[in-house]
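All remarks here apply to the structure that follows.
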Amino acid sequence: MAEPAFKPGAAVRVRDLPVKGHMRTPGYIRGRKGRIETLQGFFPNPERLAYGADGLPPVPLYLVRFPQSEIWPGYDSAGDSLALDIFEHWLEPAET
Amino acid sequence: MALLRARGLFNVDEMRRTIESLPPEIYGRHDYYERWLYTIERLLIEKGVLTAREIEDRLAADG
């Protein structure tokens, strides 16, 4: 199994991939910046399983935490955050 | 449902994909398990296990 690309604490941005078929990353989080909280494990890719493929090799799934102010314009409660499970192919490194 | 999955006829991700692709008028008019039923039918047809005609004929016979 490949090494996970991101370590806990790493800054990441959610890739804004074309919307096509069955996806496991919600639209509102695309392009937003967050931080890797933890690696949840490796799982067969559900976006391929959805089309009858075996989803292998398993892909890393991370818990990524986003400040609410990063997601909602004008959000002013700085301490609030949202954590989402996001597969590695949806993430790219971000500047800190 | 459990049997269909255990037999490897389809997986839960294929179900989710198929539920998402139900036409809005079907999705909006039916409840949770009715959507499952539509989805099971569609997947079994997609995979060539049953044909739409076989399902229609059987329903007509039982009616």
Query raised in the report: If you check every pair at least six apart or on different chains, which have Cβ atoms under 8 Å apart with a residue in the range B:1-28 that is more than 15 Å from A:LEU49 (Cβ to Cβ) and more than 10 Å from chain A (Cβ to nearest Cβ) first and a residue that is among the polar types (S, T, N, Q) and assigned to a helix (DSSP H, G or I) second?
Result: B:LEU22/B:THR39
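If you scan the range A:1-44, which residues turn out to be in contact with a helix residue (DSSP H, G or I) (Cβ under 8 Å, 6 or more places away or on another chain) and either among the aliphatic types (A, V, I, L, M) or under 22 Å from B:ASN11 (Cβ atoms) (or both)? Walk me through it before giving the result.
Step one: filter the range A:1-44 for residues in contact with a helix residue (DSSP H, G or I) (Cβ under 8 Å, 6 or more places away or on another chain), giving A:4-6, A:14-15, A:17, A:19, A:21-25, A:28-29, A:32-34.
Matches in the range A:1-44: A:ALA5, A:VAL14, A:LEU17, A:VAL19, A:GLY21, A:HIS22, A:MET23, A:ARG24, A:THR25, A:ILE29.
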Query raised in the report: Which numbered condition trips up B:ALA60, out of (1) among the aliphatic types (A, V, I, L, M); (2) free of Cβ contacts under 8 Å to residues at least 12 places away in the same chain; (3) within 14 Å of chain A (Cβ to nearest Cβ)?
Result: (3)
Query raised in the report: Can you tell me how many residues in the range B:29-43 are away from chain A (no Cβ under 13 Å) and either in contact with a Phe, Trp or Tyr (Cβ under 8 Å, 6 or more places away or on another chain) or of a type in the set (Val, Ile, Thr) (or both)?
Result: 3
Requested in this report: Could you tell me which numbered condition A:TYR62 fails, if it satisfies all but one of (1) crowded, with 18+ Cβ neighbours inside 10 Å; (2) farther than 30 Å from B:GLU46 by Cα; (3) touching a Gly at 6+ places or on another chain (Cβ under 9 Å)?
Outcome: (3)
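Throughout, read-outs are computed from the coordinates displayed, never taken from laboratory work. The structure presented is a predicted model; accordingly, all values stated were derived computationally and were not measured. Positions of Cβ are generated from backbone atoms using ideal geometry, with glycine treated the same way; all protein chains shown enter the neighbour counts.
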